[in-house]
Amino acid sequence: MAKETFNHKDIEPAFQKKWEDAKLYETDLTKPNPYYLLFEFPYPSGDLHAGHWYAYAVTDIFARFKRMQGNNVLFPVGFDAFGLPAENAAIKEGTNPKEGTRARIERMRSQMKRIGTSVDWSKEVISSEPMYYKWTQWLFAKLYEHNLAYRAEAPVKWCPKDQTVLANEQVIDGTCERCGTEVEEKILTQWFMKITEYAERLLADLELLPWPPEIKEAQRQWIGKSEGARIAFSIPRTADRDANPKIIEVFTTRPDTIFGATYLVLAPEHPLVMALDVSNKNEVEDYVKKTSKKTAIERSEHKEKTGIELKGVKAVNPATKEDIPVYIADYALATYGTGALMAVPAHDARDHAFAKKHNLPIRVVLEEGEGYEGEGTLSNSDIFTGKNSKQARWDIVEAIGGKRATNYRMRDWLVSRQRYWGCPIPVVYDPEGKPHLIPEEHLPWLLPEDVDYTPKGKPPLASSKELHERVEKIFGEGWMPEYDTLDTFVDSSWYFFRYLDPKDDHNFTDLELAKKWMPVDRYSGGSEHTTVHLLFARFFTKALYDLALSPVFEPFTERFNRGLLMGPDGRKMSKRWGNVINPDELVEQYGADAVRMYLAFIGPYNEPGHYPWQPTGVPSMRKFLNRIFTLSQKLDEGEPSEDMRRTLAKTIAKIEKDSEKFKFNTAVSALMVLVNELEKLPKVPTSAYGTLVRLLAPFAPHLADHLFEATREQGSVHSQKWPEADAALLVEESVVVVIQVNGKKRGELVLSHDAPEDEVKKVVFEFLAIREAKRFVYVPGKIVNVVVG
RNA sequence: GCCGAGGUGAUGGAAUUGGUAGACAUACAGGGCUUAAAACCCUGAGGAGGAAUAAACCCCUCCGUGUGGGUUCGAGUCCCACCCUCGGCACCA
């Protein structure tokens, strides 16, 4: 007969109900001592997988820990519920994305409750519900009013399969993030957010954030600041060189090499291309057409640099006054800098490759020679010859009439999507086609339901009769609706404000509460959101700050990227490999507490590592919980020994410190060490056990509460205070000091922790049977190193 | 190519941030309980060698944190060079 243990199937649902009935986790936001703990609200895919558990269960440990420490913790959850998968499922199954989404949310809610999370469901937000997207629309309107949202024609990335425009951020290696189809480029009129206006602040304010360096660095790179100059090259007309020349402006980070600029390159999409008097117009048009058909991948093939000369056109190098040829080539990007570049083939690898292919002159202007790309001494550079390139850089810019310029790699955020399941853009067009914001009293501007979702190259909203009628009824005949919806990243750029006041019908958030609760104290999420979501949320917060709609200009104080759970075979979990872990089965067999404990133990949560799933992990945690349960059968009223009291103090301090840093793996191991020690005792003092149960509470909340009740304590363990580590007990009176000779361990001595050096020296010399040493190093409480000849 | 993070037993990982490397756990091995198995409990364990013994433990020595150098009384930790893995960006002028 197995030893008596606990039955998680009885305990877990019972306590979940008890907590819910007692509204134990509903946060009163008006109370003092706020702590805002946030995790990324999930997309309602319908089923909780192991990764979801990792995201919610482990942050829940921290929420519970913080609460016991006396913080008023806001730990909310919601659903990022708009988006393509629901729409695609609806197309496939012929169902309605709204109903499907609601059903999946309901399913996920009940699964999340089984984890034993202490999230506050009363603050739930669902981005696809009118109550929420009314405010997405309202915020869009505010940004539009302040010129931070605008409509423009621009080259955009187009996914031919999903039949929609994509943001740059949604193009991965030239393919659509969702479906993997190669992305095409198109010129379309679209809605944008002016994130570039905030580029400098997004960059500079990173300095203020205590974020992990890899996250900050990734954002810096994404913003991609380059300092350089804009330089005008004139293109005189052939007939009369001086009359009214056309100007091509280039951006360069190396104006100091301009004496080596032997030709110009324009992007094929550059507006001037068609405006110049080129003699080979047909050829040029042909090339432009061919380029536009290329996918992003084809275009970024490094090997071959294609391009053709604009014949009959010359530009004047403002430094050398020489005529130089002008080319169009697809290695020049329309969307970076001015869409035109001065080519310095001697000192730029790309220009060099192109020049070789097209037999263009290569002039060395740095003494270090052809192929050199660093800083050095200038040559062939008129009066600047002999000067250092870096030092002469801005003098050269001035001498040739250029101006210093900063350029960013980041582009404005394209937010319109030709898809159905998203937040309608709150705009209508008058009979002249001019856009107008929909007045606030008509918000929420509802997503129509009489819509054909199937992609036909037209936005689905165009098929809604109801929408057309609605617009004409409100605005008049000839007025037309906007058919595009907003990218879901807009929805998720402000949801953390909404949690503070999710049901408010008059404001997007409660600004008084925001003053108290923002910024979010700690935000935990996946590393895939490092550059996209996190930048958009920062941009939104800054923009709202400037509009006096946010008390803070940064949304998140701390940020941790969570690691990735891998399958038992070390590969990414995937149906394809058959290595997907189903948490439901594990909960059924071992209990949610055991799963939580294993997830906490699997590796450090403060670093985004890859953790292969150990099939023995959850059972072994269940074993550990059983041992804690078994301990309850040998309780004794006696006082703990001093040794035990020291162990307890150390354990408390260790778990506290590790949990604060999200290092739950070592916190759990400290708990294990404590249990190992308690098991050695013939009887377990009740007070020591009570401490253990409190320490266990954040990790295994159901069992801890059960044991708390079973040991006849009143109320819930989760309303208890976190135990305090007795500082006096943390200092060991006597400690083991390692004795080294020449850095090698030769023994140990038990010494008082503050023994004076003279005394220690005497004892150590005696121990080693020596009389003198070349050097004697003593670190009190730790180590003695004796250096002998 | 550029940037970032990281290489520690069979495995996940630990190491008070320059002070006993391998905590804690898994897997493994031996033993106990059992008719047997499961469960549970106990014990062992980085590698090589030495000494000793009936045998084992204890004990002793050397090697050992990707590789090679360096700084230091002392290096997994700091510095230099190189190799490898993972992640981000990538024709960004």
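Read the figures in this text as sums done on the coordinates, not as results from a lab. This structure is a prediction, so every number in the text was calculated from the model and none was measured. Reconstructed Cβ throughout: ideal geometry from the backbone, glycine too, with neighbour counts over all protein chains shown.
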Tilt of helix A:686-696 relative to the longest C-alpha principal axis of chain A, in degrees (0 to 90, nearest 10)? 10
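Wrap a convex hull around the Cα atoms of the range A:490-568, take a quarter of its surface area, and give that in square nanometres. Before the final figure, lay out each step's value.
Working: hull surface 24.7 nm².
Taking a quarter of the hull surface, the average projection is 6.2 nm².
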Once phi is turned into ³J(HN,Hα) by the Karplus curve 6.51 cos²θ - 1.76 cosθ + 1.60 with θ = phi - 60°, what whole-Hz value does each residue of the range A:333-341 show in order, with x for glycine and proline? 9, 5, 9, 10, x, 9, x, 9, 9
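Rounded to the nearest 0.05, what FRET efficiency do A:GLU227 and A:ASP395 give with R0 = 22 Å and r taken as the Cβ-Cβ distance? Could you check?
Numbers: r = 15 Å, r/R0 = 0.70.
Between A:GLU227 and A:ASP395 the formula returns 0.90.
Dividing the convex hull volume of the alpha carbon atoms of the range A:571-633 by its residue count, what do you get in Å³ per residue?
Details: hull volume 5.6 nm³, N = 63.
Spread over its residues, the Cα hull of the range A:571-633 gives 89 Å³ apiece.
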Given the C-alpha atoms of the range A:412-482, compute the convex hull and give its volume per residue in Å³. 108
Environment charge of A:ALA700, counting only residues whose C-beta is closer than 11 Å and scoring Lys/Arg +1, Asp/Glu -1: 0
What does the charge count around A:TYR598 come to, taking other residues whose C-beta lies under 13 Å from its C-beta (Lys +1, Arg +1, Asp -1, Glu -1)? +2
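Could you check how many percent of all C-alpha pairs in the range A:426-567 are farther apart than 23 Å? Intermediate results must be reported in sequence, preceding the final value.
Numbers: 5232 of 10011 pairs.
Looking at the range A:426-567, the distances longer than 23 Å represent 52 percent of pairs.
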Going by alpha carbons, how many degrees (0 to 90, nearest 10) lie between the helix axis of A:50-68 and the longest principal axis of chain A? 60
The range A:377-392 - phi-based ³J(HN,Hα) in whole Hz, Karplus 6.51/-1.76/1.60, Gly and Pro as x: 8, 6, 9, 6, 10, 6, 6, 8, 4, x, 8, 6, 4, 5, 6, 7
Taking the Cα atoms of the range A:92-161, report the difference between the largest and smallest coordinate on each principal axis, in whole Å and largest first. 49, 33, 19
Based on the Kirkwood radius over alpha-carbon pairs, what is the Stokes-Einstein translational diffusion coefficient of the range A:634-679 at 4 °C with 1.567 mPa s viscosity, in µm²/s? 115
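Let a ≥ b ≥ c be the square roots of the eigenvalues of the Cα gyration tensor of the range A:188-297; is it rounded (a/c under 1.5), or, if not, prolate (a/b larger than b/c) or oblate? Write out the running numbers ahead of the final one.
Working: a/c = 2.67, a/b = 1.78, b/c = 1.50.
Taking the square roots of the gyration eigenvalues as a ≥ b ≥ c, the range A:188-297 is prolate.
Given the range A:317-415, report the % of alpha carbon pairs whose separation exceeds 18 Å. Working shown, then result.
Values: 2785 of 4851 pairs.
For the range A:317-415, the share of Cα pairs beyond 18 Å comes to 57 percent.
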Using label points projected 7 Å from each Cα along Cα→Cβ, tell me how many nm separate A:MET274 and A:HIS146, to one decimal. 3.7
Paired Rg and Dmax values of the range A:657-783, which use every Cα atom, in angstrom: 21.3, 65
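Between A:GLU724 and A:LYS290, what is 0.36 nm times their sequence separation minus the Cα-Cα distance? Round to one decimal in nm.
Computed gain between A:GLU724 and A:LYS290 is 149.0 nm.
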For the range A:524-662, I need the span (max minus min coordinate) of the C-alpha atoms along each principal axis, in Å, sorted largest to smallest. 63, 46, 23
For chain A, what does the helix formula give at 222 nm: sum of -39500 (n - 2.57) over DSSP H segments with n ≥ 4, over the residue count, nearest 500 deg cm²/dmol? -11000 deg cm²/dmol
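Within the set A:LYS92/A:LYS294; A:LYS654/A:LYS683; A:LYS744/A:LYS782; A:LYS194/A:LYS434, which residue pairs have Cα atoms separated by over 26 Å? Display every interim value, and only then the final one.
Working: A:LYS92/A:LYS294 30 Å; A:LYS654/A:LYS683 24 Å; A:LYS744/A:LYS782 14 Å; A:LYS194/A:LYS434 20 Å.
Those over the limit are A:LYS92/A:LYS294.
When N counts the residues of the range A:79-220, how does its alpha-carbon radius of gyration compare numerically with 2.2 N^0.38 Å, as a ratio?
Relative to the rule-of-thumb radius for its length, the range A:79-220 sits at 1.31.
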Degrees separating the helix A:642-660 axis from the principal Cα axis of chain A, which is the longest one: 10
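Tell me whether chain A comes out rounded, prolate or oblate; compute the Cα gyration tensor, take square roots of the eigenvalues as a ≥ b ≥ c, and use a/c under 1.5 as the rounded threshold. Mind showing how you got there, number by number?
Working: a/c = 2.64, a/b = 1.45, b/c = 1.82.
It comes out oblate by the Cα gyration axes.
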Between A:TYR605 and residues 5 or more places away or on another chain, the pairs with built amide H atoms under 5 Å apart involve A:PHE664, A:ASN665
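Between rounded, prolate and oblate, where does the range A:720-789 land on the alpha carbon gyration tensor, with a ≥ b ≥ c its root eigenvalues, rounded for a/c under 1.5, else prolate if a/b exceeds b/c? Mind dumping the intermediate values first?
On the way: a/c = 3.50, a/b = 2.75, b/c = 1.27.
It is prolate, given that a/c is not under 1.5 and a/b is the larger ratio.
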Viscosity 0.692 mPa s, temperature 37 °C: what is the translational diffusion coefficient of the range A:358-499 from Stokes-Einstein with a Kirkwood Rh over Cα pairs, rounded to a whole number of µm²/s? 160
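Please sort A:506-518, A:47-59 by packing, taking for each peptide the average over its residues of neighbouring beta carbons within 10 angstrom, highest first. Could you put the intermediate results ahead of the total?
On the way: A:506-518: 17.0, A:47-59: 20.4.
Highest to lowest by the protection proxy: A:47-59, A:506-518.
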Work out, step by step, the length gained on full extension between A:VAL777 and A:LYS503: first 0.36 nm times the residue separation, then minus their alpha carbon distance; give nm to one decimal. 92.0 nm
Can you work out the FRET efficiency for the pair A:LEU511 and A:ALA462, with r the C-beta to C-beta distance and R0 = 45 Å, to the nearest 0.05? 0.75
Local net charge near A:PHE192, Cβ-Cβ under 10 Å (Lys/Arg +1, Asp/Glu -1): +2
Simple label model, 7 Å out from Cα along Cβ direction - A:GLU748 to A:LYS572, nm: 4.7
The range A:227-291, Kirkwood Rh and Cα Rg, ratio Rg/Rh at 1.00
Förster-model FRET efficiency, 30 Å R0, A:ILE91 and A:LYS473, C-beta, rounded to 0.05: 0.55
